[in-house]
Amino acid sequence: MRLLIAATLALTTTLPAAGLADDHGPTEAQVTQIMTLLEGMDCEMDVDDIEIEEGGGFELDDVYCADGQYDMDLDAAMTVTNKRKE
């Protein structure tokens, strides 16, 4: 019984959390891509406001652009799929 419990605990602590997109942040490469994209749009944001969505996309909160503040959604290919002015 102890072996079964130990094996179960080992598996649950080493397996990635599938479906829990908010448990980790974007990689440095992803942050660089997002910030470069925003710079080209004359926008900026705090990297702490980047959230990973299920399916590999991103939600960007409080993006400050020359014409106002937005929330944006990006797909996994870093294409803006939604842009909402706040």
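Odds and ends about this structure:
- Test: T81 is out of contact with any helix residue (DSSP H, G or I) (no Cβ under 6 Å at 6 or more places or on another chain) and in a strand (DSSP E or B): yes
- When the criteria are applied in full, D22 meets the requirement of being open to solvent by 90 Å² or more (accessible area, probe 1.4 Å), modelled with pLDDT under 55 and not in a loop (DSSP other than H, G, I, E, B).
- Applying the condition of being open to solvent by 50 Å² or more (accessible area, probe 1.4 Å) and among the hydrophobic types (A, V, I, L, M, F, W, C) to region 44-86 and asking which residue is farthest from the chain's Cα centre (by Cα) yields A66.
- As a summary of the residue check, Q69 satisfies the conditions (1) at pLDDT below 95; (2) not in a helix (DSSP H, G or I) except for the one numbered (1).
The values are calculated or read from the model by the stated rules, or taken from the named source; none is laboratory data. Since the structure is predicted, the reported quantities are computational estimates derived from the model, not experimental observations. With ideal geometry, Cβ positions are generated from the backbone for all residues, glycine too; neighbour counts draw on all protein chains shown. The area values use the complete protein model at the heavy-atom level, side chains included, leaving out ligands, DNA and RNA. Shrake-Rupley method; radii C 1.70, N 1.55, O 1.52, S 1.80 Å.
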